[in-house]
Every structure is written in C-alpha cells, then in structure tokens.
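Below: the structure, in structure tokens.
The values are calculated or read from the model by the stated rules, or taken from the named source; none is laboratory data. Nothing here was measured: the structure is a model prediction, and the numbers come from that model. Note that each Cβ is placed from the backbone with ideal geometry, even for glycine, and that neighbours are counted across all protein chains shown.
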Amino acid sequence: MSDIEFLEAYDDSTGAALASGLFAKVFGSDPDGVWAAPGRVNLIGEHTDYNAGLCLPIALPHRTYVAVHLRDDMRMRVVSSVKPEDVVDIDLEGLGAGGVKGWAAYPIGVAWALREAGFDTVCGSDMAFVTCVPFASGLSSSAAMTCSTALALDGVFGLGFGGTDKGRITLIDAAVRAENDMAGASTGGLDQSAAMRCTPGHSLRLDFRPGLDAIDSATQEPFDLEELGLELLVIDTQAHHQLNDGQYGQRRSSCERAARELGVANLREVADEVEASDDPQIALARVLNRLDDETTRKRVRHVVNEIGRVDRFIKAFASGDAREAGKLMDASHASLCDDYEVTVPELDVAVAASREAGALGARMTGGGFGGSVIALVARGESRAVACHVAGSFADNGFRTPRALVAVASDSAHRVR
Ligand code: ADP
Ligand code: MG
C-alpha cells in the first residue's frame, strides 16, 4: 500500500499569525486585521449551475488568510506566500477590466469590481495572503482568495455588507466579477456563494433558477458526517484541471443549443417537467427523442438526471441513508464520465480505487478534466482508502495524488 500526503488545514490562529508575519516582513508594519475564506467541494450537482439547476457545496476547513492594511492613496500592493518575492503594485485609478495579469488579478479585481459597483470609499490597501487550499485542484482556491479579499475590503473600508447573508450577496457579485472580468476565468457563482454562505455542519443547496431572489436561492441542509459515522475524503489527483481550453465553453453552448431546440429557456425547465411526471424515465426518453444529435442527447441526459440527484442526496442525508447517498455519488460520476464526458483517467481511477477500498460512493467534484475526487467513507477509513488510491495511481504511472479530509465548515470570517 502506498503512502499519501494529507493536507492539514491551518487553524485560524495559525493562519492569522502566518498572514500577519508575511505582511510585516514584506510591508514593514502590522496589518489592520486578518480575514479568511474557505475552499469548497461540491457534493453533487455538477455542470448544473449554468443550466439554472441545483448544486450542493460545503465549505472546507482549508482557508486562504489575508492580512490587510488600508492606505490613504489609490495604490494596491499584494503579495502571496506562494511567491513572496513577487509584490504586485497597481494604481486602482484608471484601472480597466483585464488590466492586471497573473494571480494578482484575483484580489485587485475585487477592489476594482467594488469600485465599479459604485463603492468609491474602497481605496488603496496592502495585502498579504497565505493559504492551505491546494491550487487549481477544483477546490476553489480562487474564490477563497477573492472572497477573503472582498470581506477584508468590506471590513477595512466599512461597507457594512459582511455581517448579513443578504449583504454578502453584494460581496459575492464583486468576487465573481473579479474572476470573470479581471482574471478572465468563467465562473458562475457557485464557488463564491459557498465561500460566503456555507455554515458548519451543513451543505448549501444553491438554486440557480433565474428570477429567484438571491436570499431564497440558498438553503442550509443538514450534513453532519460525524453523526452518521462517516468521513468525506478528498483526493487531489494532481491532474491539473484546465477549463480554459474550450471544453467548458463547448459544454455550455451545447446545453444552450439543446434548450433552444426543445423550446425552453434552460434545461432546468426540462428537469422540473421530468421530475413532476408520473414516470420520469419515460418522460426523459420522450424529451431526448426530440433531439437529433446523439452527443446533445447525452449532455441533456446528464444535466436532467444530475439536477434530480441533488434533492435525492439531500433527502438521503436527512434520513441517515448513507448507502443511498453513496449510490447517488456513483451515479453522478458515471453520468459525468459517460454522458457529459468531462472526466480524465486520473479521476476515473481515483473513483474506482476508492470504491474498491470500501467507499460507500465516490465521484469527481468541480468542473472535471482533472482536479479532485470525493469519497464517502466510514469514520477512520480515510487514510486506508487514500493509500489504496495512491497505489492505483502508482500502478498506472500517474503523478502521486494528495488527500485531505473535508468537514462542512464555516464561510468567510474575520480572524483577527
Ligand atoms: P481553483 O479555484 O479550483 O483552485 P482556479 O484555476 O480557478 O482553480 O484558480 C487557481 C488560481 O488562483 C491560481 O493559479 C492562482 O492564480 C490563483 N490563486 C489562488 N489562491 C492563491 C494564493 N493564495 N496565492 C496566489 N495565487 C492564488
Ligand atoms: Mg477557481
């Protein structure tokens, strides 16, 4: 059995000390405060957000910490522990979309987006970031960065949005805009909502139906793994996910095309109709028959079935039926592999090996094409399952994976 590295989360006092330490070293003074925002895993409901569907993230205990000091001019200086010698220094005055390149586009983009939204009180600041969220592994280090930044700016400039769920929606919008328009990364709001709205012991049911009030679009669902004697193992396959090579855009546009062909605004309408019928499988078959192209039929079948699985998963957890929850995870993965075709061999091997080692269910999480896998395992079994996955990776000649244990944790908060 191969060994495997487990990534431990920093506790808040460690995260705050590290971020403050980096701040003092680089900028030569103490910060005004330290804020944190978590990475996330999506339990089920993949590639459904842009189809007006449902998804179900939890916040990870792994967070990005940012130490901040406000300035009395319009300069923004940012540094990250990942590359502490690289201090990015930008003037917010006159900055436009796409005006910052590289990682600094994420935090600077948030200040820019808040100013674009009319919050002129947001001026210059110095920021130092440390993180224990793995990068580009589908666990949303980018939203951990933009959301910690948004909450920090809200704090130092006294915007007053961070204290309520409703207020946080303004901060989520700025974080999304930073990723889309400054960093050039397509993101639909799942990651930022998770980082800003999740609560400990719960998953966050996010409903992307248009027209729904942002407050009503999120509900807290019980997700107490300990009570059920379970753990959620996350395997970072180290096959770095790449959504920028056009695959994500292709999936999106084939869903939009299918909706047009079916005469609906989005595939959620199809999912709701199928779910409400007497025999959902027959209803779905009838819909698919109306589409000419086999690939499009497969994409639609994934989206409709996946949206349906989200509420079944919530119900399974609420009634303590871990076996059913595991089966739904397996079905989700099979659908993402066969119908949506967004898995890669590393994801499929990690899922298969997790099951072989006794997981109740396993699936890829995030956009696919690399990234991470989650497995529902009995309490205390995470290491054994992860080691088995590492062994299978070695047999297949893949890079060594990494692991962490996920517990449904808190959203963004002030630490110091
Ligand atoms: P994910 O969000 O799943 O981790 P993304 O590709 O969306 O993957 O975001 C990863 C990018 O976010 C990194 O390549 C880097 O540019 C930026 N990033 C996130 N966290 C940090 C950090 N702590 N320091 C520097 N850059 C970061
Ligand atoms: Mg991201």
Review point. For residues in region 123-144 being buried (at least 24 other Cβ atoms within 10 Å of the Cβ) and free of Cβ contacts under 8 Å to residues at least 60 places away in the same chain, which is nearest to ligand 1 (Cβ to nearest atom)?
Key: S142
Review point. Across region 122-143, what is the number of residues that are in contact with a helix residue (DSSP H, G or I) (Cβ under 6 Å, 6 or more places away or on another chain), under 18 Å from Q238 (Cβ atoms) and among the hydrophobic types (A, V, I, L, M, F, W, C)?
Key: 2
Exercise for review: Test T296 against the criterion of being in contact with a helix residue (DSSP H, G or I) (Cβ under 7 Å, 6 or more places away or on another chain), outside any helix (DSSP H, G or I) and over 23 Å from T219 (Cβ atoms), and give yes or no.
Suggested key: no
Practice item. Test G45 against the criterion of being within 27 Å of T187 (Cβ to Cβ) and not aliphatic (A, V, I, L, M), and give yes or no. Key: yes
Review point. Taking region 350-406 as the search range and keeping residues that are under 22 Å from the mean Cα position of the chain (by Cα) and of a type in the set (S, T, Y), which one is surrounded by the fewest Cβ atoms within 10 Å (Cβ to Cβ)?
Key: S382
Review point. Does S20 satisfy being polar (S, T, N, Q) and surrounded by fewer than 20 Cβ atoms within 10 Å (Cβ to Cβ)?
Key: no
Review point. Taking strands (runs of 3 or more DSSP E) that do not extend beyond region 318-416, which have at least 1 residues that are in contact with a strand residue (DSSP E or B) (Cβ under 8 Å, 6 or more places away or on another chain) and among the charged types (D, E, K, R)?
Key: 361-365, 402-406
Review point. When only residues in region 172-183 that are surrounded by fewer than 19 Cβ atoms within 10 Å (Cβ to Cβ) and within 15 Å of ligand 2 (Cβ to nearest atom) count, which is farthest from M196 (Cα to Cα)?
Key: D181
Point to revise | Matching entry among L151, L139 (being away from ligand 2 (no atom under 14 Å from the Cβ) and in the same structural domain as K101 (by the TED database)) | key: L151
Review point. Pick from region 91-122 the residues that are of a type in the set (F, W, Y) and more than 21 Å from L60 (Cβ to Cβ): which of them is nearest to ligand 1 (Cβ to nearest atom)?
Key: W112
**Study point:** Filtered residues of region 147-171 (kept if buried (at least 24 other Cβ atoms within 10 Å of the Cβ) and under 20 Å from T131 (Cβ atoms))
**Key:** C147, S148, T149, A150, L151, A152, L153, D154, L171
Review point. Looking at L233, is it over 15 Å from the mean Cα position of the chain (by Cα), away from ligand 1 (no atom under 16 Å from the Cβ) and hydrophobic (A, V, I, L, M, F, W, C)?
Key: yes
Check your understanding: Would region 232-241 turn up any residue that is away from ligand 2 (no atom under 16 Å from the Cβ) and over 26 Å from G370 (Cα atoms)?
Key -> no
Revision key, fill the gap. Checking D207, D245 in turn, the sole residue that is of a type outside the set (K, R) and exposed (fewer than 15 other Cβ atoms within 10 Å of the Cβ) turns out to be D245
